[in-house]
1. Could you tell me whether residue 48 is at pLDDT 85 or above, exposed (fewer than 14 other Cβ atoms within 10 Å of the Cβ) and more than 9 Å from the ligand (Cβ to nearest atom)?
2. Are any residues in segment 86-100 touching a helix residue (DSSP H, G or I) at 6+ places or on another chain (Cβ under 9 Å) and either more than 9 Å from the ligand (Cβ to nearest atom) or part of a loop (DSSP other than H, G, I, E, B) (or both), and if so, which ones?
3. Which residues, taken from segment 54-100, are in contact (Cβ under 8 Å) with a residue 40 or more places away in the chain and either surrounded by 15 or more Cβ atoms within 10 Å (Cβ to Cβ) or within 20 Å of the chain's Cα centre (by Cα) (or both)?
4. Just give me the residues in segment 55-77 being under 22 Å from residue 35 (Cα atoms) and more than 9 Å from the ligand (Cβ to nearest atom), in sequence order.
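The values are calculated or read from the model by the stated rules, or taken from the named source; none is laboratory data. Keep in mind the model is a prediction, meaning the values are calculated, not measured. In this analysis, Cβ positions are derived from the backbone assuming ideal geometry, glycine residues included, and neighbour counts consider all displayed protein chains.
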Ligand code: SF4
């Protein structure tokens, strides 16, 4: 009788473990698949840095800023100054830093 209870307990623990692993995998996929949003020019952080989507500063755009990340050629890319957001490759802000 005790061994039957023990088997049920082990089976239940196995099911719970598998369920937790599936839940964790689904959560990880959702986090990885989430595309960061574009930085809104009206975002307080953007306003504080004078961020614009189209640079008017000759020779200075996000495209040639040291802080721009991601793949060259993309219209919107991550920027280390605005974590979790994408900035326009044609944009500009006061944080512009020349590439070395
Ligand atoms: Fe563009 Fe400013 Fe980021 Fe440089 S720091 S990539 S200029 S938003």
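1. Criteria met by residue 48.
2. 89, 90, 91, 93, 94, 96, 98, 99 - these are the residues of segment 86-100 that are touching a helix residue (DSSP H, G or I) at 6+ places or on another chain (Cβ under 9 Å) and either more than 9 Å from the ligand (Cβ to nearest atom) or part of a loop (DSSP other than H, G, I, E, B) (or both).
3. Answer for segment 54-100, where residues must be in contact (Cβ under 8 Å) with a residue 40 or more places away in the chain and either surrounded by 15 or more Cβ atoms within 10 Å (Cβ to Cβ) or within 20 Å of the chain's Cα centre (by Cα) (or both): 78, 79, 82, 84, 85, 86, 87, 88, 91, 92, 93, 95.
4. 70, 71, 72, 73, 74, 75, 76, listed by residue number.
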